[in-house]
Amino acid sequence: MVLLPFLIHTDSPEKVCVQLTHLNESVTLSATLEYQGENRSLIDDVVSEKDVFTCIPFSLPKSNSTSPVTFITVTVKGATLQFRSRKSVLVKNSESLVFVQTDKPIYKPGQTVLFRIVSLDKDFRPLNEDPKRNRLYQWTKAELKRGLIQLSFSLTSEPMQGTYAVVAQQASGKTVRHPFSVEEYVLPKFEVTVKMPKVITILDEKLTVTVCGLYTFGKPVPGLVSFRVCRKFERAATTCYGEEARAVCDEFSGQTDNYGCISETVKTKLFQLKRSGYENKLHVEAKIKEEETGVELTGTSFSEITTTISKVTFEHSDSHYKPGIPFFGQVKLVDGSGAPIANEVVRISLQGSQTTNYTTDEEGRARFALNTSTLYFDSVGIRVSPAGRGGDEVIHRAGRGRFYSPSKSFLKIEPKTETLTCGSSTEVRVHYIFTPEAIGEQKKIVIYYLVMAKGIIKQAGTHILDLDQETNGVFLLQLPVQTDIAPVAQVLVYTTVPSREVIADTTKFNVEKCFKNKVDLNFSASEGLPSSDVHLLFRASPNSLCAVRAVDKSVLLMKSEADLSPSSVYSLLPVKELRDYNYGPDTVSEEPLENCIPLKKIVVDGITYSPVVEVNEEDTYSILKVYPSCMVREWSGRRTENPQRLYATASTPEEVTETIRKYFPETWIWSLVSISSEGNADLDVTIPDTITEWKANAFCTSAETGFGLSPTVSLRAFQPFFVELTLPYSVVRGESFMLKATVFNYLAACIRVSVTLAQSTHFLATPVEKEEESHCLCENGRKTVAWLVTPKSLGQVEFSVSTEALQNQQPCGNAIVETPEKGRKDTVIRQLLVEVCGLWEGRTDCLGLVSPSGEPVKEKFSLLLPSNVVQDSGRAYFSVQGDIMGTAMQNLHQLLQMPFGCGEQNMVLFAPNIYVLDYLNKTEQLSEEVKSKAIGYLVSGYQRQLNYKHPDGSYSTFGPRYGQLGNTWLTAFVLKSFAQARPHIFIDEKHIQDALVWLSYKQKENGCFRSSGTLLNNAMKGGVDNEISLTAYITIALMEIPLPVTHSVVRNALFCLETAADEKENHVYTKALMAYAFALAGKEEKRKALLGSLEKEAVKKGEYEFATQEYSAPCATGRMRQNK
């Protein structure tokens, strides 16, 4: 017999197992796999022993075949023995297991997204396979180090808010997506939790609801709680009838206690739990309004309503019964709320057998083993009834079929319902019955066993069973539980007997999801002061590379994310266990069985006999289907550098008398750390200034032991006396807002404090209440001071608030005031974004001056601003250069600008960055500083412009959200600019093709392009104000992609222009566009004719000759004088 899995993965260590018994002569054993047009030998050996059992490792290279089905042929040749069998198996290429981790799940506009890509094989060893593509950025030459890489990209200051994704594409084309959100947000300072039963029954008359508020630094939140308990109608009425038409609700409110909680008993009578027409859920929405600041946050929960009073479920039971061997299973008894019922007697019986009583354990579970020696039915039912529950008695039935053996001999692996622990050894009990029909006079029999996990044979062995005393009983096998058999170990035991029957059984054991690389992560202290030093301690396999992340708990409250866990990593496995022959669309076919008697009706003495097919019966063949056994069948069946700190620190925390807190990152640690040859590492870090709890975890990769993952650990950054600010995300300059500063005292004494807001020229601040010299704060006390603030400056404005514990003898009521010896003063400095009202508008006047005679030339420019300009938002720049490119070179900061605004403004600022890069590069004047800045602006503008793309591939001023049509000119401008930007940044080719296809649909039969959509600023188009000039502009854009002149769209467009070239009414700008288009197309005659026409229309004044044209938009002017 030859055993191997029916599914084989390439580039993976596989095993094929061979068993030969009762040989009377030497034979040659060979096994070959028909693979990629050649016969690949797996086994080729001479066997002289009488009995042989061995497993041979092999590996297949990557397959290029389109079909995964291949064939294995096993041949045994001896002097008298000849055997050959050919079976089909599936061969599939191994795919790496790829996941992406970002430094946090949510980002603000302008922040940098940090992310990692990790690539592993199915044994969780690192694979250095490059990711290929990302939507907004692309790293085509990214090199993975020990299976992982860290990358980053910056968001623009005005991105489209919503859900984004990092997309990694594997070599096979399979993509892995990791979503993250971009929003304007203020991190929550506390969490609102709602505790209530997960399930209630229709008989419950009341339930308890507990609402709690807890700061991220672990202290209770004082405030007002209000919550609603609602049961919604199944078919709610329209909103015009009010909330009462959508649900039945009860409302509660109250103040939080010393633990930050409030509990209420809710009577269920109002919700009519037994009545239909409602959802079978009670919803709770709770709000806590923080005392003094008025900050309000929400938490939700729900309870399911069930009509079930108690329930029995089968957690495990055998699929078939084997007569004479116990029938194993496990049931669980729970009440209506899902809580386990312990110490309860349940009666369990198989149909036709005696009822047996079992008692549930503390988890409500009862394991059973039922006697089957008297059963003979093809199918039986299991009856389970909880005893002693009166009218609540529940009866469950489950049908089970009989297992077939011609000799009535069986093997049965006793199941295990618990999950096996890695690093241990478990005892496997195997029940057996061998009848004389099967073994004859044989007194010893060899039992073979295999353990398969992830579709690969991992372990194999034999057990000698002595049948001198008993032909039925139990024997034991020891199964080492290691990481290689997780998450599911499929165990097969079998033997071959003299009657030529294969007797077998298989089962599966759930194994703990563990990793060979054991990773441990700990902070040197569980709590620390802001700005103090702490150590992050690692333990992992020697020479591992570890990636660690520490993020503010507030971020995770703002946006939850799927944790990186053993379950999430194991879920990436393509095969956890093999089941039957079907694998996706591919099916392993069976060879026709030779020398088998077909099942058909026969007639004897005038009586017709039909063959009986037992649909519920299984036999050994069904067990071995995951192993295409070829056998004789004669029967019919780094620590990274800390960011530059912006706060003052002393040499040790004990010496600090004043803390200045200014560093408030959302992600604290994002580092790669190398583990020493001893298996440890120490990362020295400084705690940021945020008073919060930091959540840290790490994963490591090693070439020897593979992947490992640490549990999440926490560090609380805390000091007992501090001040916090309550700020919005942004404000508008000139508009007043309330700035609130709250002082917290968690010292075990009363103190007197002063609170001051540092004066600044960037804002005006007025106290909301009469200023007091000091405020009294006792243990767990707080005081909020507010100012009405009016910002005067734009951008990030700094607010500095200090609180100081005074050496003041004035008592707090009856309590004595104390002054802390250390940390008497806390200063917090926060920045707030101040935005300008109104819309940006720009105007540029350009003039070229030429003086052939050397006489002075004078020109006047108007610098008057519009009357409705926003104060302090006006800017003027003036320069004179004695070089035709001098202005551009001296004012690169004006050409190299960060694109912003709508779809038109963004492209106007986007395009010059391309021209500057091209010019400086060709003139060899491009510096790294300018290159870096220009590419950054191009990337930002590219991202932003995609906000204005329509599903059909076109672009408009404000995008598809406002019902605008795509604009023909703007789409051509984007097409041209994106194509020209490709040498500098990654541009998704799809965007270029989409725009090209859309423009081609706008081409008329005569080759001209019809205009579509509108622009806010028509001056952007220059002279493109009719069909001919539009066609000329689009033709230029198409040829600069570049498209060849022979391309059908370009060829037809040139036909349109050639037809219009001779028309006398063409404007000067239209002629200039056509001349350039013909120049690009190589049509010299047409170009010369148009240039000659332009020469005739030139305006001549003295020594100067120039062309003029009136523009349709007054907001942009331009003049150029040229000395002929």
If the Cβ limit is 6 Å and pairs must be 6+ apart or interchain, which residue in the stretch 298-312 that is buried (at least 17 other Cβ atoms within 10 Å of the Cβ) pairs with which residue that is of a type in the set (S, T, N, Q)?
-> G299/T193; I305/N280; T306/T201
Among the residues of the stretch 794-805, is there at least one that is closer than 18 Å to F721 by Cβ, more than 46 Å from the chain's Cα centre (by Cα) and assigned by TED's automatic domain parsing to the domain that holds L747?
-> yes
Residues of the stretch 313-340 being surrounded by 16 or more Cβ atoms within 10 Å (Cβ to Cβ) and either among the acidic types (D, E) or under 13 Å from I200 (Cα atoms) (or both), which ones?
-> D318, V334, D335, G336, S337
Residues located in the stretch 757-771, provided they are out of contact with any Leu (no Cβ under 8 Å at 6 or more places or on another chain) and assigned to a loop (DSSP other than H, G, I, E, B) = A758, Q759, S760, T761, H762, E769, K770, E771
Subset of the stretch 54-72, residues buried (at least 16 other Cβ atoms within 10 Å of the Cβ) and either of a type in the set (D, E, K, R) or closer than 13 Å to V16 by Cβ (or both), comes to C55, F58, L60, I72
State the number of residues belonging to the stretch 793-818 that are assigned to a strand (DSSP E or B) and not β-branched (V, I, T).
-> 10
Here are some residues: P951, P912. Which one is surrounded by fewer than 23 Cβ atoms within 10 Å (Cβ to Cβ), in contact with a helix residue (DSSP H, G or I) (Cβ under 6 Å, 6 or more places away or on another chain) and not small (G, A, S)?
-> P912
Please enumerate the residues belonging to the stretch 62-99 that are in contact with a Lys or Arg (Cβ under 6 Å, 6 or more places away or on another chain) and hydroxyl-bearing (S, T, Y).
-> T73, T75
Hey, among the residues in the stretch 187-204 that are among the hydrophobic types (A, V, I, L, M, F, W, C) and more than 25 Å from T692 (Cβ to Cβ), which one's surrounded by the fewest Cβ atoms within 10 Å (Cβ to Cβ)?
-> L203
Within the stretch 271-279, identify whether any single residue is part of a strand (DSSP E or B), surrounded by fewer than 18 Cβ atoms within 10 Å (Cβ to Cβ) and of a type outside the set (F, W, Y), and answer yes or no.
-> no
Residue check for E184: exposed (fewer than 15 other Cβ atoms within 10 Å of the Cβ) and either at pLDDT 90 or above or not in a loop (DSSP other than H, G, I, E, B) (or both) = yes
Boolean, L477 is under 30 Å from F721 (Cβ atoms), assigned to a strand (DSSP E or B) and not small (G, A, S) | no
Do the conditions hold for V1024, that is, is it within 23 Å of E841 (Cα to Cα), touching a helix residue (DSSP H, G or I) at 6+ places or on another chain (Cβ under 9 Å), modelled with pLDDT of 90 or more and assigned by TED's automatic domain parsing to the domain that holds N1052?
-> no
(1) surrounded by fewer than 15 Cβ atoms within 10 Å (Cβ to Cβ); (2) modelled with pLDDT of 80 or more; (3) under 29 Å from P574 (Cβ atoms) all hold for K141 apart from (2)
Find the residue count for the stretch 1-28, including only residues that are crowded, with 21+ Cβ neighbours inside 10 Å and over 15 Å from F58 (Cα atoms).
-> 2
Flag if D466 is among the charged types (D, E, K, R), surrounded by fewer than 16 Cβ atoms within 10 Å (Cβ to Cβ) and not assigned by TED's automatic domain parsing to the domain that holds F53 = yes
Of all residues in the stretch 875-889, which are modelled with pLDDT under 75, in a loop (DSSP other than H, G, I, E, B) and small (G, A, S)?
-> S879, G882
Checked A765, A805 against criteria (surrounded by 14 or more Cβ atoms within 10 Å (Cβ to Cβ), among the aliphatic types (A, V, I, L, M) and under 15 Å from V743 (Cα atoms)); the one match is A805
Tabulated pairs, the stretch 151-162, first outside any loop (DSSP other than H, G, I, E, B), second among the basic types (K, R), C-beta under 8 angstrom, 6+ apart or interchain | L151/R116
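Matching residues to (1) crowded, with 16+ Cβ neighbours inside 10 Å; (2) within 30 Å of K92 (Cα to Cα):
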site: G401; (1), (2): yes, no
site: Y404; (1), (2): yes, no
site: T421; (1), (2): no, no
site: P480; (1), (2): no, yes
site: V493; (1), (2): yes, yes
Total residues in the stretch 942-985, condition under 28 Å from the mean Cα position of the chain (by Cα), of a type in the set (G, A, S) and modelled with pLDDT of 90 or more = 1
Which residues, taken from the stretch 670-684, are more than 28 Å from the chain's Cα centre (by Cα) and either in the same structural domain as R830 (by TED's automatic domain parsing) or of a type in the set (A, V, I, L, M) (or both)?
-> A681
Could you list all residues from the stretch 958-985 that are closer than 17 Å to Y1001 by Cβ, crowded, with 18+ Cβ neighbours inside 10 Å and not polar (S, T, N, Q)?
-> G966, W969, L970, A972, V974, L975
Every residue from the stretch 301-347 that is more than 22 Å from T419 (Cα to Cα) and among the aromatic types (F, W, Y) = F302, Y321
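The values are calculated or read from the model by the stated rules, or taken from the named source; none is laboratory data. No experiment lies behind these values; they were computed from the predicted model shown. When we count neighbours, we look across all protein chains shown, and the Cβ atoms used for this are built from the backbone with ideal geometry, even at glycine.
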